[in-house]
Amino acid sequence: MTGTPHPIAVPVHAVKAHFHAVNAQLHDWFDTLDDISIDVGKYHISLATALWMVTVVLFALISARVAGSVARRLLRRIKGLDSAQTSLGDKMITLAVWTFAFFATIDTLGISLTAFTVFSGAFGLAIGFGLQTTAGNLIAGIILLLDRSIKPGDVVAVTSGSTTTMGVVNKIGIRAISVTTLDNREYLIPNQNLMTSQVENWSYSSRRVAVSIPISVAYGSDIDMVEALLLEAAAAVPRVLADPPPSVALVTLGPSAIDWSISCWINDPENGIGGIRSEVLKNTWHLFRERGVEIPFPQQDVHLRDSDGIRRLARALLQQPDEAPDTAER
């Protein structure tokens, strides 16, 4: 016959004695580490205090990273935010988390905030002199995100001096924006440059961009046929939009040719406009050759003033070949 099992008796006194022994050993270790110390003014810094400070700082760093990562993931799940708003929220969350982690660490370590009075003054002086550009880039980046004039994914052309950089904005950072060009080169342009330099945003309000392609034909060409051929050449390119359709305009009657301009629209400016121009011009070349339309060469007239030297040269050219030696001797 099986009876009810008896509960196992727990040696409570033995467990308490074990914990007391471990606690006493930890106290001994702490006292040993605390004996290794130095005094700096009013502060007593020991090895135990240093280990405690390192532990608190590491915990604060890890906690701030984890909290920031979780907050950013939750932010990206919010619907209705564009890339600029998401990037701005990301930076604000990062700033708030690290600020809270800094003050929480200071409070946990028992450091008085008045100790940072001199440091804050020195830091402000450093910003005024040495970190002025860094602070300017930071403020410029926040302004760009707030007014949403430039967003990740926009196609921009930044002019700096005689150099123009065109590409797609990948990221707006604290110091600079990342722009990837068509040849897959990534440029880091300081945020402050975008506030002081001319910037073309090809996708600010719309991704549709007009491309103008100049071309000339010889005098004597049928202008109605030329216009039809130019429209056909532009419409045959896959990247050219059908709505709005391509258009052709007669620009001017030049000194040696009739100048035209082809205008077509695209909605993928991140792929560049060089390929569009190349395809339209190649189609135009083949159509012109099939229909006999000529692309003229530059023509220039040379006028010579009447002079004795010109007259002697003309008489010498008109003389017979056998009389040339006598003329040369004279």
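For the range 267-301, taking the residues that are in a helix (DSSP H, G or I) and aliphatic (A, V, I, L, M), the one that is nearest to the chain's Cα centre (by Cα) is identified as ILE276. Within the range 293-315, the set of residues being surrounded by fewer than 10 Cβ atoms within 10 Å (Cβ to Cβ), in contact (Cβ under 8 Å) with a residue 24 or more places away in the chain and among the β-branched types (Val, Ile, Thr) is empty. Residues of the range 210-242 that are over 11 Å from VAL280 (Cβ atoms) and under 30 Å from the mean Cα position of the chain (by Cα): ALA210, PRO238, LEU241.
The condition of being part of a strand (DSSP E or B), hydroxyl-bearing (Ser, Thr, Tyr) and either over 21 Å from ALA157 (Cβ atoms) or at pLDDT 80 or above (or both) holds for only one of SER261, SER256, that being SER261. Of all residues in the range 200-217, exactly one satisfies the criterion of being modelled with pLDDT of 85 or more and over 30 Å from LEU250 (Cβ atoms), namely ASN201. Within the range 199-223, the residues that satisfy the criterion of being closer than 19 Å to ARG148 by Cβ and either among the acidic types (Asp, Glu) or surrounded by fewer than 12 Cβ atoms within 10 Å (Cβ to Cβ) (or both) are GLU200, SER205, SER206. Total residues in the range 205-232 satisfying the condition of being assigned to a helix (DSSP H, G or I) and of a type outside the set (D, E, K, R): the figure is 7.
The selection criterion, being closer than 19 Å to VAL293 by Cα, crowded, with 19+ Cβ neighbours inside 10 Å, at pLDDT 85 or above and assigned by TED's automatic domain parsing to the domain that holds CYS264, does not hold for VAL251.
The values are calculated or read from the model by the stated rules, or taken from the named source; none is laboratory data. Keep in mind the model is a prediction, meaning the values are calculated, not measured. Reconstructed Cβ throughout: ideal geometry from the backbone, glycine too, with neighbour counts over all protein chains shown.
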